[in-house]
1. Between B:LYS9 and B:GLN362, what is 0.36 nm times their sequence separation minus the Cα-Cα distance? Round to one decimal in nm.
2. Along the charge dipole of segment B:124-245, which of B:PRO148, B:LEU225, B:MET172 sits closest to the positive end, that is, farthest toward it, with unit charges on the beta carbon of Lys, Arg, Asp and Glu (+1, +1, -1, -1)?
3. Hey, could you grab the Kirkwood Rh for segment B:182-232? Inverse mean 1/r over distinct alpha carbon pairs, Å, one decimal.
4. For chains B and A, what's the summed buried accessible area, probe 1.4 Å, to the nearest 100 square angstrom?
5. Please go through segment B:253-336 and write out the trypsin sites (Lys or Arg not before Pro) that DSSP classes as loop and that have at most 16 other C-beta atoms within 10 Å.
6. Over segment A:257-351, what portion of Cα pair distances is larger than 22 Å, expressed as a whole percent?
7. Holding the Cα-Cα limit at 25 Å, pick out from A:LYS115/A:LYS180; A:LYS29/A:LYS171; A:LYS273/B:LYS342; A:LYS67/A:LYS392 the pairs that are longer than that.
8. Straight-line reach from B:LYS106: which lysines fall under 25 Å, measuring Cα to Cα and dropping same-chain residues less than 8 apart?
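The values are calculated or read from the model by the stated rules, or taken from the named source; none is laboratory data. The shown structure was predicted, so the numbers you read here are calculated from the model rather than taken from an experiment. We place every Cβ from the backbone using ideal geometry, glycine too, and count neighbours over all the protein chains shown. Only protein heavy atoms, including side chains, enter the accessible area calculation; ligands, DNA and RNA are left aside. Shrake-Rupley method; radii C 1.70, N 1.55, O 1.52, S 1.80 Å.
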Amino acid sequence: MSQPMNQSETHDDKMNVIQFEFNIWKLMKSKLRGRKNPSGYWKPGGAIVYKQIPKPVLPGEDWIILKTVYCGICGSDFTEVTLKGAPDNPLRGFISTPHTIGHEMVGIVDKVGAKVTRVKVGDRIAVYPVLTCKPRGISPECQRCQEGDFNHCANFTKGNLAPGMILGTVKNQIKNDTSKNVNFGGYAPYVCVHESQAIKIPNELSFDEAVLVDPVTVALHSCLHLDPKPDQTILVYGVGMIGLASIMILKNLFHVKHVLGVGRFPFHEEQAKRYGADHVFMSSGQKLIEEIAAYTNAKLIIPLNGLKWSMDGVDGIIDTIGASFSFEVGVRILKSKSTLVFTGVSTPARFEWTPWYFKEINIIGSNGAGIETFEGKDHHAYELYMELVKNKRLNPAALLTHKFPLDQYDTAFNTVASEAKTKRIKVAFDFTAQSQQK
Amino acid sequence: MHAIVFDYKMKRFAISYVLGKFHKKWYFTRLGHMREVEVADPPLHGDDWLVFRTQYCGLCGSDFKQSFLEGNKDNAMTGLISFPQVLGHEVVGIVEKVGPKVTRVKVGDQVTLYANLCCIPRDLPLCSACEVGDFLLCRNLTEGKIAPGIHTGNSRDALGGFGELVPAHETMVYKIPEGITWQQAVLADPFGVAFHAILKAPPFPGATCVVYGCGTLGMNSIHVLKRLYKDIKVIAIAKYPHQADMARNFGADIIYLNLKPYDVVKNIAKEVGCETYFYNKKKPWLMEGVDFIYDTVGSAETMEIGIRIIKARPRDPKKQGAIVISGVHSPHRFEWTPWFYKDVNIIGSNAFATEDFEGIRQHLIDHYFRLLLAKRIDPTPIITHTFPVSEWKEALVTARFKQHRNAGKVVMVHGSNSMALASDAVAGEKNRGGDTK
């Protein structure tokens, strides 16, 4: 089916993508060069490769080809780009290489397979990136998928695709026809998407708003775990993309009276306040504990060594860092019997955890989003997001601060790396701007 | 009176460390941090206070860990305690002296101690936690007339059961009912800790539960799960053969003895029939797995394995499990990716207080006595060793290095009771007459 929109097809049948290649020598090279200067991580010759691959074809009759408009650079993408993963991270079994990076994509349906019914060519869609039973061609679906708990699907290593949890972590290959050219990552102008992953973007939403669906629903999932009450004081540790989305959700959807933030760079304070934070702390460690204690009128306990702590403090914490230092502060400044939910994925390290058991704190991990129960009803998180933005209950558009064409990936990654200078929140690759660069 | 005193002096710590390298018992020398000395009898700290004469004192994990100086320097709890200390908070005894306002007990009564030093013994208006019966979360552990301390044994003013006499506020003692033995009464505290942890996340019928660690807390946890909840499959993870035998006697359905951490993961996968995921054929983890883990060890290793073997959080709230940590170990790094990946909830659990169980809200020690008298529980087989207090060094070494002597719970016995060491004196019967000594 030829479409008038596929002008680029006439040029050639190749496209530029950014891939991650698992090759020990290239990894070591990147690692060494990245230590001096972050841009060394993605310099040519390393593990991050800007290259040409053939344009993808439909992997099956229930698949579509997405013409990418934007693909956001997720924190986890950047962890991969900067090779920060811990060597004993068990999720390494859930990726396959080489793969095209990127999973936060929105775009226009370019081609559809014969059996596709949910969308048609020309539809504007966001992509739910999880590679569950359906895209893998597994039927019947596993118990988790049937319940809408897609992030805990049993089949991330099985079926017709190589191992991978989400688009952007899986090798460009289908098992039943290895000769087919496919592409399963968003740092590319064309991406193969299973129709079950396509979420229509309502006319009222711009692509700028729609591309934020992934990080905002991640924040929503964690806020639903926390389930805060309006009269509470909730601390959001970290005010990057997920942190700001959490602040907005806590204020707009849960109507929490006091939302506090913890920022890192000077511009964070004003920015977090703009999204609804009532107060932003700009310190860390001991000083941060003291400031939060003073703000919440909590009495501090002074141990013989180590950090001060309190039995009182805030009523809940959304920790978007998930690092040893944020846990250490969190368990010290959270009211006893309260909950800390973490969405961040920092490399594990030791933290002094005695207040955790002593204060009977709940620490809950939070991963992605699937079918979520919100205001008594079950929704697909992505559809819920579209509804909430359409109804003006969330207004996240300004969180997308920078857009770059793919061939300017060096500038794009540098913008992500130097947050203090660029004041970036969400950086995305913009495929509508590409032609201007050539 | 005679008491074993713990001193917080760097010089003494250093001596103990060095001597302890040669012989375990040399941790406890005249020059060291812990030694038997003559101290003043504890006074009545108020009109509603009493003093009782120690009969039995159990050795808690925290007692022997502290005795062997196994703590981390940045431990937050050091802000809540005061020195010198007389350890021992699992205590039973006979009331010897009462203040004029004491009404709950009288001289000669046999009592078990609830060691918590909350607002009430400190003579303070109730804090937000004490108001609702959460005495373990008291906000005033450093305030009031008693020196800082969480419970008897770690406050300068609240000498514990490593001494002959123990001071207590009248609300800190529970009269041992008729028909309950000293042995049963002295286990009130460890039973309470284990039961409280299970009440933090009680299992639903049909749940598969792991009890990590088969010491006193582990054994009590197995006991509670098998006796007080219906239709629970208990997998016990034991380190030593004698613990595995004991776990079997307490009714654990499946026992893993001394498995390597990653073999625990593989065995759980077989047990529940779920898939094992690997990275490079090493370090397995599971997406499905067990419903609940009651971790009585609380070390980096048990946490790392725990988050690998627990089921990812199900969407159905009625089927959501948790990991409850009741053991205390010094912190270390563990690989925590499955924790967030599987949306796992890890809940800390500390001591016990007023609890809801089977529609009854009462203090856990009252629950304990009630359940004992109804013959629904009896954890006494946990006690494997009883030492006269004069052999306290031997007792501590036995408790700490349990593998050498096949030790479960180690108990010290004081004074005249040491003669009746082996006998199962029924404490409650002596209470019947109620007459003073």
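1. Details: separation 353, 0.36 × 353 = 127.08 nm, distance 4.08 nm.
Result: 123.0 nm gained on full extension.
2. The residue sitting most towards the positive pole is B:LEU225.
3. On the way: mean 1/r = 0.0887 Å⁻¹.
The Cα-based Kirkwood calculation yields 11.3 Å.
4. Values: alone 19300 and 19260 Å², together 32760 Å².
Using a 1.4 Å probe on protein heavy atoms, the buried area is about 5800 Å².
5. Working: sites: B:LYS266, B:LYS270, B:LYS281, B:LYS282, B:ARG308, B:LYS311, B:ARG315, B:LYS318, B:LYS319, B:ARG333; in loops: B:LYS281, B:LYS311, B:ARG315, B:ARG333.
When the trypsin sites (Lys or Arg not before Pro) of segment B:253-336 are filtered for loop state and at most 16 Cβ neighbours within 10 Å, B:LYS281, B:ARG333 remain.
6. Details: 1076 of 4465 pairs.
It works out to 24 percent of all Cα pairs.
7. Details: A:LYS115/A:LYS180 19 Å; A:LYS29/A:LYS171 22 Å; A:LYS273/B:LYS342 32 Å; A:LYS67/A:LYS392 28 Å.
Listed pairs above 25 Å: A:LYS273/B:LYS342; A:LYS67/A:LYS392.
8. The reachable lysines, counting only those whose Cα sits under 25 Å from B:LYS106, are B:LYS97, B:LYS145, B:LYS175, B:LYS430, B:LYS437.
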